[in-house]
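Below: one structure, written as structure tokens.
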Amino acid sequence: MIIAVGSTNPAKVNAVRETWQELVPDVTVLSASIPSGVRNQPFSDDETIQGAIHRARQAKKELNADVGIGLEGGVVETPFGLFLCNWSALADENDQCLIAGGARIPLPDQFRAPLHEGRELGPIMDEYSKQTGIRHHQGAIGVFTNGLVDRKEMLIHLCKILLGQYQFHKLKNG
Ligand SMILES: O=P(O)(O)OP(=O)(O)OP(=O)(O)OC[C@H]1O[C@@H](n2cnc3c(O)ncnc32)[C@H](O)[C@@H]1O
Ligand SMILES: [Mg+2]
């Protein structure tokens with residue numbers, strides 16, 4: 001079975017690889033950089049979900065896979081402040097999509113202006129934490145949880161929710 005991931009970000013690819021290779025026999029995980037079809041920095045749940053779905057379907061198509069997976073990070077305004085959000089989608093053999101949402105965590109108020117001006121969270125996080133490539137490693141969630149939950153671990157949870165739904169639908173519909 002071939003699984004295609006619509007990103008080359010190691011936090012994303014390794015999350016998919018570790019989840020599927022551990023839980024499903026004879027899986028090959030391929031990855032390719034796939035545009036999300038939405039803004040580089042999605043600004044709502046809807047836009048982030050749309051990006052995840054687009055990446056899942058395109059990855060499946062471009063890599064000629066059985067199943068495609070899209071993982072997308074975004075930000076959402078709430079009455080309690082600006083939050084990081086995480087969404088994922090799995091495109092199955094019939095191109096039907098399963099969706100799963102992940103962790104949310106508040107972002108500092110000072111991030112609001114640069115994000116609204118069109119900057120991406122990745123570089124803002126690098127400046128804030130005085131590190132480089134945060135998005136590829138611990139992620140914002142790792143920084144703001146003191147390293148207790150990193151981006152890959154958070155994405156593994158999403159991948160398990162996708163895989164579990166996929167198995168549930170297979171058992172139900174054959
Ligand atoms: O190569 P791709 O797959 O595009 O990976 P990415 O890191 O850009 O991730 P997304 O496109 O899913 O996320 C949209 C933006 O939000 C940023 N982002 C999302 N989650 C993040 C996190 O946990 N830490 C740092 N930046 C994050 C990301 O860097 C982008 O600027
Ligand atoms: Mg991106």
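Looking at segment 126-133, can you tell me whether even one residue there is surrounded by 18 or more Cβ atoms within 10 Å (Cβ to Cβ) and not small (Gly, Ala, Ser)? No, segment 126-133 contains no residue that is surrounded by 18 or more Cβ atoms within 10 Å (Cβ to Cβ) and not small (Gly, Ala, Ser).
In this structure, does LEU23 turn out to be more than 23 Å from ALA140 (Cα to Cα), in contact with a strand residue (DSSP E or B) (Cβ under 7 Å, 6 or more places away or on another chain) and in contact (Cβ under 8 Å) with a residue 60 or more places away in the chain? Lay out the reasoning, then the answer.
On the way: more than 23 Å from ALA140 (Cα to Cα): yes; in contact with a strand residue (DSSP E or B) (Cβ under 7 Å, 6 or more places away or on another chain): no; in contact (Cβ under 8 Å) with a residue 60 or more places away in the chain: yes.
In short, no.
How many residues are of a type outside the set (Gly, Ala, Ser), within 13 Å of ligand 1 (Cβ to nearest atom) and within 12 Å of the chain's Cα centre (by Cα) if we restrict to segment 132-156? Qualifying residue count, segment 132-156: 7. The number of residues in segment 40-49 being farther than 14 Å from SER88 by Cβ and free of Cβ contacts under 8 Å to residues at least 60 places away in the same chain comes to 3. Taking segment 19-53 as the range and being more than 16 Å from ALA100 (Cβ to Cβ) and in a helix (DSSP H, G or I) as the test, the residues that pass are GLN21, GLU22, GLU47.
Would you tally the residues in segment 1-16 being surrounded by fewer than 17 Cβ atoms within 10 Å (Cβ to Cβ) and of a type in the set (Ser, Thr, Tyr)? Spell out how you get there, then give the answer.
Keep residues of segment 1-16 that are surrounded by fewer than 17 Cβ atoms within 10 Å (Cβ to Cβ), which gives 1-2, 8, 10.
From what's left, of a type in the set (Ser, Thr, Tyr): 8.
The total comes to 1.
Among GLU77, GLU62, GLU47, GLU72, which is the only one that is within 14 Å of ligand 2 (Cβ to nearest atom), modelled with pLDDT of 95 or more, more than 23 Å from GLY164 (Cα to Cα) and charged (D, E, K, R)?
Working: GLU77 fails: within 14 Å of ligand 2 (Cβ to nearest atom); GLU62 fails: within 14 Å of ligand 2 (Cβ to nearest atom); GLU72 fails: more than 23 Å from GLY164 (Cα to Cα).
Step by step, each of GLU77, GLU62, GLU47, GLU72 is checked, and only GLU47 is within 14 Å of ligand 2 (Cβ to nearest atom), modelled with pLDDT of 95 or more, more than 23 Å from GLY164 (Cα to Cα) and charged (D, E, K, R).
Screening segment 117-131 for residues that are under 23 Å from ARG39 (Cα atoms) and more than 9 Å from ligand 1 (Cβ to nearest atom) and picking the one that is modelled with the lowest pLDDT gives GLY118. The set of residues from segment 134-151 being crowded, with 17+ Cβ neighbours inside 10 Å and more than 16 Å from ligand 2 (Cβ to nearest atom) comprises GLN138, GLY142, VAL143, PHE144, VAL149, ASP150.
In segment 68-75, the condition of being in contact with a Pro (Cβ under 9 Å, 6 or more places away or on another chain), surrounded by fewer than 20 Cβ atoms within 10 Å (Cβ to Cβ) and in a strand (DSSP E or B) is met by no residue.
Given the residues GLY122, GLY102, which is the only one that is closer than 16 Å to ASP150 by Cβ, of a type outside the set (Phe, Trp, Tyr) and touching a Leu at 6+ places or on another chain (Cβ under 6 Å)? Give the derivation first.
Working: GLY122 fails: touching a Leu at 6+ places or on another chain (Cβ under 6 Å).
So the residue among GLY122, GLY102 that is closer than 16 Å to ASP150 by Cβ, of a type outside the set (Phe, Trp, Tyr) and touching a Leu at 6+ places or on another chain (Cβ under 6 Å) is GLY102.
A quick yes/no check of all residues on (1) out of contact with any Gly (no Cβ under 7 Å at 6 or more places or on another chain); (2) acidic (Asp, Glu):
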position: LYS12; (1), (2): yes, no
position: ASP26; (1), (2): yes, yes
position: ILE34; (1), (2): no, no
position: PHE43; (1), (2): no, no
position: ASP66; (1), (2): yes, yes
position: SER88; (1), (2): no, no
position: GLN96; (1), (2): yes, no
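How many residues does segment 17-42 hold that are crowded, with 17+ Cβ neighbours inside 10 Å, among the polar types (S, T, N, Q) and touching a Ser or Thr at 6+ places or on another chain (Cβ under 8 Å)? Number of matching residues: 1.
The values are calculated or read from the model by the stated rules, or taken from the named source; none is laboratory data. Here the structure is a predicted model, which means the values were calculated and not measured. Because the Cβ atoms are built from the backbone with ideal geometry, glycine has one as well, and the counts that use them run over all protein chains shown.
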